[in-house]
Amino acid sequence: MTAIKKIGIIGAGQMGNGIAHVCAAAGFDIILLDISDEALKRGLGTITKNLDRAVAKGKLTEADKAATLGRIKPTTAYADFADSDLVIEAATEDEKIKRAIFAQLCPVLKPEAHIASNTSSLSITRLGAATDRPAKFMGMHFMNPVPVMQLVELIRGIATSEETFSLVREMTLKLGKKPVSAEDFPAFIVNRILLPMINEAVYTLYEGVGSVTCIDTAMKLGANHPMGPLELADFIGLDTCLAVMQVLHDGLADTKYRPCPLLVKYVEAGWLGRKTGRGFYDYTGEVPVPTR
């Protein structure tokens, strides 16, 4: 097996910049792609801010920070992935968008290159079939925020080779992460359990059982959760929560996974949580304020 040395990452958003951060910090050379220079600037700004925080806490030196940033090359051109050993797709949770990305990516890759998707719910088998190398394709689902969370779900598609899985697992360990193998079922392990809980919390709000504050406080103090489910939904992004619930509902054909109408309404309003400044909480002031 050829060791992974150079990694391409597609998407400089919340997940992509976090993946770039941890991979560069582990010594891998990174090509970070997004559709615009402005998106890349925001992503690199987030990485820099997180590294600055680590330096301030004494966890990194300025030299470590400079070395990590020096390993990340931003680009808007797929051609720059030509010598990558592994490309991790971390675009939005939309299968059409991911398929369009693979159509641009595959022609520029060397034959031995591998591809991983950071999808949190979509079929790895189906995504792999949209590439020219399903045997070299698998799921690599990082948790948010990537620099902090230890878990990475590793998912084989039906065509994924053992060599591909072993290479990616070895690389995950080099990042200091804990890999867990999940089968290729809708939403895998974490989101199969977590998102229905969040959806049920939204139903609890929708039906008037409790307010936003009461629901989140009840789960933090009654179940010892570090964040309430509605606060967590805002952190994840309500559009992502809805997308995962739709995958579960469509893929498993069970009414228990039906997305709450209130969640649908918030997404339709563009109230997507922290990233838009409003979700179940309003983030425009110094302190988040419940919106219901």
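The values are calculated or read from the model by the stated rules, or taken from the named source; none is laboratory data. Note that this is a predicted model, so its numbers are computed, not measured. All Cβ positions, glycine included, derive from the backbone under ideal geometry; neighbour counts span all protein chains shown.
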Among (1) of a type in the set (A, V, I, L, M, F, W, C); (2) within 19 Å of PRO179 (Cβ to Cβ); (3) surrounded by fewer than 22 Cβ atoms within 10 Å (Cβ to Cβ), where does ALA103 come up short?
-> (2)
Give me the pairs: first residue in the stretch 266-292 and without any contact (Cβ under 8 Å) to a residue 24 or more places away in the chain and within 19 Å of GLY228 (Cα to Cα), second residue of a type in the set (A, V, I, L, M) and outside any loop (DSSP other than H, G, I, E, B), beta-carbon distance under 8 Å, and six or more apart or on different chains, which are they?
-> ASP282/VAL289
In the stretch 243-262, anything closer than 13 Å to PRO186 by Cβ and of a type in the set (Ser, Thr, Tyr) is listed as TYR257
Out of (1) buried (at least 21 other Cβ atoms within 10 Å of the Cβ); (2) of a type in the set (Ser, Thr, Tyr); (3) within 24 Å of GLU95 (Cβ to Cβ), the odd one out for THR255 is which?
-> (1)
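Look at the stretch 102-121 and say how many of its residues are closer than 22 Å to PHE188 by Cα and either in contact with a Ser or Thr (Cβ under 6 Å, 6 or more places away or on another chain) or modelled with pLDDT of 95 or more (or both). Before you say what the answer is, go through the steps one by one.
Step one: of the stretch 102-121, the residues closer than 22 Å to PHE188 by Cα are 102, 114-121.
From what is left, the residues that are either in contact with a Ser or Thr (Cβ under 6 Å, 6 or more places away or on another chain) or modelled with pLDDT of 95 or more (or both) are 102, 114-119.
Within the stretch 102-121, residues that are closer than 22 Å to PHE188 by Cα and either in contact with a Ser or Thr (Cβ under 6 Å, 6 or more places away or on another chain) or modelled with pLDDT of 95 or more (or both) number 7.
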Scan LYS65, LYS98, LYS59 and give me the residue that is surrounded by fewer than 13 Cβ atoms within 10 Å (Cβ to Cβ) and out of contact with any Gly (no Cβ under 7 Å at 6 or more places or on another chain).
-> LYS59
Flagged in the stretch 200-232 as free of Cβ contacts under 8 Å to residues at least 24 places away in the same chain, under 15 Å from PRO288 (Cα atoms) and acidic (Asp, Glu), in numbering order, are ASP216
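Based on this model, can you work out whether ILE88 counts as more than 21 Å from ILE4 (Cβ to Cβ) and either β-branched (Val, Ile, Thr) or touching a strand residue (DSSP E or B) at 6+ places or on another chain (Cβ under 7 Å) (or both)? Quick ask: steps written out before the conclusion?
Working: more than 21 Å from ILE4 (Cβ to Cβ): no; either β-branched (Val, Ile, Thr) or touching a strand residue (DSSP E or B) at 6+ places or on another chain (Cβ under 7 Å) (or both): yes.
For ILE88, the condition - more than 21 Å from ILE4 (Cβ to Cβ) and either β-branched (Val, Ile, Thr) or touching a strand residue (DSSP E or B) at 6+ places or on another chain (Cβ under 7 Å) (or both) - is not met.
Quick one: in the stretch 22-36, which of the residues that are in a helix (DSSP H, G or I) and in contact with a Ser or Thr (Cβ under 7 Å, 6 or more places away or on another chain) is farthest from LEU86 (Cα to Cα)? Spell out how you get there, then give the answer.
Taking the stretch 22-36 as the starting set, the residues that turn out to be in a helix (DSSP H, G or I) are 22-25.
From what's left, in contact with a Ser or Thr (Cβ under 7 Å, 6 or more places away or on another chain): 24-25.
Details: ALA24: 14, ALA25: 17 Å.
The extreme case among them is ALA25.
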Can you spot a residue in the stretch 6-15 that is in the same structural domain as LEU86 (by TED's automatic domain parsing), in a helix (DSSP H, G or I) and buried (at least 17 other Cβ atoms within 10 Å of the Cβ)?
-> yes
Taking the stretch 37-59, which residues are over 16 Å from VAL146 (Cβ atoms) and either in contact with a Ser or Thr (Cβ under 8 Å, 6 or more places away or on another chain) or of a type in the set (Phe, Trp, Tyr) (or both)?
-> ASP37, LEU40, VAL55
Test for LYS177: is it closer than 30 Å to ALA223 by Cβ, not assigned by TED's automatic domain parsing to the domain that holds MET219 and not hydrophobic (A, V, I, L, M, F, W, C) = yes
